[in-house]
């Protein structure tokens with residue numbers, strides 16, 4: 001499995017880890033025109049949602065840039081002291097560095113943090129090569145940082161509320177599942193089926209089985225259903241010893257009703273109180289007492 005330095009996780013904090021995100025306050029306005037900027041003066045965008053870049057594709061792009069130069073400018077914003085921060089075009093920026101360019105063409109926009117985040121994330125979300133986890137993280141970042149509701153986010157990126165919800169659910173999955181999605185070992189459909197399984201260790205085992213047996217999404221849904229049913233049956237068979245105070249209460253109720261009373265509970269704490277009866281007359285007697 002390929003290594004990846006960026007952590008996966010549930011939401012912005014987990015995604016960015018302990019990274020210190022610089023805050024730059026600038027007016028939200030556009031500076032028109034392109035210019036050439038020293039590569040050393042450009043810093044990466046901390047809100048970049050892409051966690052993985054194809055090294056072979058980068059090498060090919062770098063070779064093209066060596067031959068023809070960087071045709072499409074990157075978009076940056078000034079952050080003071082002669083420095084700029086990427087808004088979009090990190091792949092081109094990396095390839096230009098690999099090609100040994102010292103200056104690259106850039107379109108400079110002077111925007112505040114909120115607009116910079118929106119521009120960077122929305123531009124990347126619209127790319128076809130983001131995986132489902134990166135898209136989900138981008139959605140969560142937009143909601144956290146720009147205080148969007150799911151409906152507002154849907155309007156920004158042109159997606160339905162259901163689509164947004166389906167992506168955000170992926171962030172509830174354990175890290176092994178998210179890594180499997182990121183590395184294209186399983187699809188978003190597989191991952192969505194696994195959301196129903198709350199136990200992370202079970203999620204990890206199921207991912208291994210899906211990959212090993214190359215299960216389809218439909219087969220995965222069936223596997224998850226069987227797994228959950230097995231877990232419920234196993235949980236119901238676990239014998240729970242009632243606490244002394246509960247047992248005392250059970251005996252007191254039984255004595256008061258002059259009937260057998262059973263209090264049953266499972267490992268989660270859920271349960272029921274059972275009062276069996278042998279005839280309609282006994283049922284009426286018990287109901288009268290309970291009322």
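The values are calculated or read from the model by the stated rules, or taken from the named source; none is laboratory data. Treat the numbers as computed from the prediction; the structure is a model and nothing was measured. Positions of Cβ are generated from backbone atoms using ideal geometry, with glycine treated the same way; all protein chains shown enter the neighbour counts.
Put simply, of 222, 202 the only residue that is crowded, with 16+ Cβ neighbours inside 10 Å, free of Cβ contacts under 8 Å to residues at least 40 places away in the same chain and more than 30 Å from residue 118 (Cα to Cα) is 202. For segment 182-200, taking the residues that are part of a helix (DSSP H, G or I) and at pLDDT 90 or above, the one that is farthest from residue 221 (Cα to Cα) is identified as 188.
Scanning segment 260-274 for residues that are out of contact with any helix residue (DSSP H, G or I) (no Cβ under 6 Å at 6 or more places or on another chain) and surrounded by 15 or more Cβ atoms within 10 Å (Cβ to Cβ) gives a single hit, 265. Mind checking whether some residue in segment 156-174 is part of a helix (DSSP H, G or I), at pLDDT below 85 and outside the structural domain of residue 198 (by TED's automatic domain parsing)? For segment 156-174, residues part of a helix (DSSP H, G or I), at pLDDT below 85 and outside the structural domain of residue 198 (by TED's automatic domain parsing): present.
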